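Everything below concerns the one structure shown next.
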């Protein structure tokens, strides 16, 4: 086997490095997405628990739920359901939905941050490459990324005929997937839901019923709809495990999984070169912990993360045209938010533009740049102070927190 190839297309590179399991997605040879698990700080994102209501927090209009992990989660009334899973009525308070001591089926939708425990929801969703199973729903919803027109209606009808059970969200990649792949995925996701229900009926909470996908599987779920040119895995055990998962859940990807063996490269036998070294990914990941990001046109970004929000300042450098700088910055900001796993409020101070038409063009470009982000990202527009306001859904722990733990441990050693 040769080293990983560059060029066009998508590659997924996976390795284990100490306590970290990492999956890097490269598009056209450039790092676009990064998924990391930390063995000493495991993520609960996507985990499904049979929890027990500890207390109703009327002031927060929510409930604290014991998950059996040592840290209670917060279930907001907005994410709660009534008896037998009935949807919450508009304006209905948490006290009308739940009671102390009650067992509830919940899913972690955001990891704990600081002193706050994980955020929970009773609207369980099980993600796949083409479909997301929302078993408490009844409808088939089609991704807005597929545009409008009769194609959406036809795709929804197709999924209704193919999928097992009810409650499906159709992802953009489903339009090009075969009926066989869609049926196999819906069967696997619905079987997982039935297993959750069976375990919940046996009771005994609080207990973990389903583990959310790990970093390699998250990468395949989010990016496997477009077949990667290769999935290189720098760990033989992990490669076999991932190939087994693909055989069950993504058979068209199984042959793409390749164990990476550095010994087959033209390198000294006593200096094993790791997969991420070949693309200088470790060096690039290190830059994600810094605040300054250079732009090719001479400008730069300064990204500051606070507890309340992420603030981005765009500097023009010596380049003359503010619109050119801002358009380049917009694409890089979308990429940096994904790589850093930034979540919550994002405020961007672009280079000042006097032309109103240029401002609209910039906002449209920024909206297009975040369209493919797996985390829901919304661009709200310009504030009265000329700042662009955005939000990005929190998904797991921010990169700086994960890698900061590793760097601190390395210094102490």
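The values are calculated or read from the model by the stated rules, or taken from the named source; none is laboratory data. All values reported here derive from a predicted model rather than from experimental measurement. When we count neighbours, we look across all protein chains shown, and the Cβ atoms used for this are built from the backbone with ideal geometry, even at glycine.
If I ask for residues that are modelled with pLDDT of 90 or more and under 25 Å from residue 108 (Cβ atoms), which ones from the range 140-162 would you list? Hit for the range 140-162 is 141, nothing else. Can you say whether residue 69 is surrounded by 15 or more Cβ atoms within 10 Å (Cβ to Cβ), farther than 22 Å from residue 209 by Cα and touching a strand residue (DSSP E or B) at 6+ places or on another chain (Cβ under 9 Å), as far as the supplied structure shows? It is false that residue 69 is surrounded by 15 or more Cβ atoms within 10 Å (Cβ to Cβ), farther than 22 Å from residue 209 by Cα and touching a strand residue (DSSP E or B) at 6+ places or on another chain (Cβ under 9 Å). Please verify whether residue 337 is touching a strand residue (DSSP E or B) at 6+ places or on another chain (Cβ under 8 Å) and either over 19 Å from residue 218 (Cα atoms) or in a loop (DSSP other than H, G, I, E, B) (or both), treating the condition exactly as stated. Spelling it out, it is not the case that residue 337 is touching a strand residue (DSSP E or B) at 6+ places or on another chain (Cβ under 8 Å) and either over 19 Å from residue 218 (Cα atoms) or in a loop (DSSP other than H, G, I, E, B) (or both).
Taking the stated definitions as given, is residue 62 free of Cβ contacts under 8 Å to residues at least 40 places away in the same chain, buried (at least 20 other Cβ atoms within 10 Å of the Cβ) and not assigned by TED's automatic domain parsing to the domain that holds residue 236? Against the criterion (free of Cβ contacts under 8 Å to residues at least 40 places away in the same chain, buried (at least 20 other Cβ atoms within 10 Å of the Cβ) and not assigned by TED's automatic domain parsing to the domain that holds residue 236), residue 62 qualifies. I'd like to verify a number: residues in the range 246-261 that are part of a helix (DSSP H, G or I), touching a residue at least 24 places away in the same chain (Cβ under 8 Å) and surrounded by fewer than 18 Cβ atoms within 10 Å (Cβ to Cβ), how many? Residues in the range 246-261 being part of a helix (DSSP H, G or I), touching a residue at least 24 places away in the same chain (Cβ under 8 Å) and surrounded by fewer than 18 Cβ atoms within 10 Å (Cβ to Cβ): 3 in total. Among the residues of the range 325-343, is there at least one that is at pLDDT below 90 and either under 30 Å from residue 224 (Cα atoms) or over 22 Å from the mean Cα position of the chain (by Cα) (or both)? For the range 325-343, residues at pLDDT below 90 and either under 30 Å from residue 224 (Cα atoms) or over 22 Å from the mean Cα position of the chain (by Cα) (or both): present.
Going by the structure shown, is residue 165 outside the structural domain of residue 71 (by TED's automatic domain parsing), within 26 Å of residue 80 (Cβ to Cβ), in contact with a helix residue (DSSP H, G or I) (Cβ under 7 Å, 6 or more places away or on another chain) and surrounded by fewer than 20 Cβ atoms within 10 Å (Cβ to Cβ)?
On the way: outside the structural domain of residue 71 (by TED's automatic domain parsing): yes; within 26 Å of residue 80 (Cβ to Cβ): yes; in contact with a helix residue (DSSP H, G or I) (Cβ under 7 Å, 6 or more places away or on another chain): yes; surrounded by fewer than 20 Cβ atoms within 10 Å (Cβ to Cβ): yes.
Judged against the criteria, residue 165 is a match.
For the range 372-380, the criterion of a residue being over 21 Å from residue 32 (Cα atoms) and either in contact (Cβ under 8 Å) with a residue 24 or more places away in the chain or surrounded by fewer than 16 Cβ atoms within 10 Å (Cβ to Cβ) (or both) is satisfied by at least one position. Among the residues of the range 72-90, those that are loosely packed, with under 15 Cβ neighbours inside 10 Å and over 19 Å from residue 201 (Cα atoms) comprise 78, 87, 89, 90. When you look at residue 201, is it at pLDDT below 95, under 13 Å from the mean Cα position of the chain (by Cα) and at negative phi, yes or no? In short, no.
How many residues, within the range 348-367, are closer than 26 Å to residue 400 by Cα and surrounded by fewer than 16 Cβ atoms within 10 Å (Cβ to Cβ)?
So the answer is 1.
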